[in-house]
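Report on the following structure.
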Amino acid sequence: GSSFAVMHSGRNHWDNGIRLEFDRECLFEGDEWLVTAQFKLIDQTTNEPHSCNRTESIYSNEACPMFIVWPKGEKVIVYPDLEDLPEDWVAAEYNKYQGKFRVTEKMANSPLAVSFYVAGPNREGINVIL
């Protein structure tokens, strides 16, 4: 681990999050990627820790953060599955996440970008720290 964190503020939609585009030369069909992170949510106005509800969908105001893999022009893939989220969200602490995804034929051969980003909750004024 590291003693550094990244905070994304000024969010106003579920998909406003930290994003990167995969180098498609690194995507091989059938490969499995494991992504791990630790998340914390902070109310932008009060600077207090914010809770989320792990049973809410990514489109909810109370959703927990999620990993998104999006081959442009294709269906968005959300990780981890809701049942794989941390059992109990502890607002005052960093919450450990991990999600796996398998590189599909469409990802490996897409002429368009394949993006990875952190999404949720769908609520203005909540900063995501990872």
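Counting 0.36 nm for each residue step from LYS106 to ASN127 and taking away their Cα separation leaves a gain of 4.3 nm.
Accessible surface of segment 23-69, 1.4 Å probe: 42 percent of it comes from carbon and sulfur atoms. The phi torsions of segment 42-52, fed into the Karplus equation with coefficients 6.51, -1.76 and 1.60 and a -60° offset, translate into couplings of 10, 5, 5, 7, 8, 6, 8, x, 10, 8, 9 Hz, rounded to whole numbers, with Gly and Pro shown as x.
Excluding ligands, DNA and RNA, the accessible surface per residue across segment 4-130 is 57 Å² with a 1.4 Å probe. Our coupling estimate for segment 57-74, obtained by passing each phi through the Karplus curve with A = 6.51, B = -1.76, C = 1.60 and θ = phi - 60°, is 6, 4, 7, 7, 5, 10, 5, 7, x, 9, 8, 10, 10, 9, x, 3, x, 10 Hz, Gly and Pro reported as x. The relative contact order of the chain comes to 47 percent, based on Cα pairs under 8 Å that sit 6 or more residues apart.
For the chain, give the magnitude of the charge dipole about the Cα centre (Cβ charges: +1 Lys/Arg, -1 Asp/Glu; no others), in debye to the nearest 20.
280 debye
With no solvent and one equal point scatterer placed on each C-alpha of segment 1-69, evaluate the Debye formula and give log10 I(q)/I(0) for q = 0.11 Å⁻¹, two decimals. Cα-only, vacuum Debye calculation for segment 1-69: -0.37.
Provide the net charge surrounding PHE28, with neighbours chosen by a C-beta distance below 14 Å and charges set as Lys +1, Arg +1, Asp -1, Glu -1. Net of charged neighbours comes to -3.
Near the amide H of GLU62, within less than 5 Å, lie the amide hydrogens of ASN122, all on another chain or at least 5 residues away, with H placed in the peptide plane. The candidates TYR59, TYR94, arranged from most to least accessible area with a 1.4 Å probe in the full protein assembly, appear as TYR59, TYR94. According to the Kirkwood relation over distinct C-alpha pairs, the hydrodynamic radius of the chain is 15.2 Å.
Note on ARG24: accessible area approximately 90 square angstrom, rounded to 10, probe 1.4 Å, nucleic acids and ligands left out. Of all DSSP-defined beta bridges confined to the chain, some 95% are antiparallel rather than parallel.
When the Gaussian network model of the chain links Cα atoms closer than 10 Å, the mean-square fluctuations of VAL118, VAL35, VAL69 top out at VAL35.
The values are calculated or read from the model by the stated rules, or taken from the named source; none is laboratory data. Since we're looking at a predicted model, the values are computed, not measured. Note that each Cβ is placed from the backbone with ideal geometry, even for glycine, and that neighbours are counted across all protein chains shown. Remember, those area values only see protein heavy atoms, side chains included, never the ligands or the DNA or RNA. Shrake-Rupley method; radii C 1.70, N 1.55, O 1.52, S 1.80 Å.
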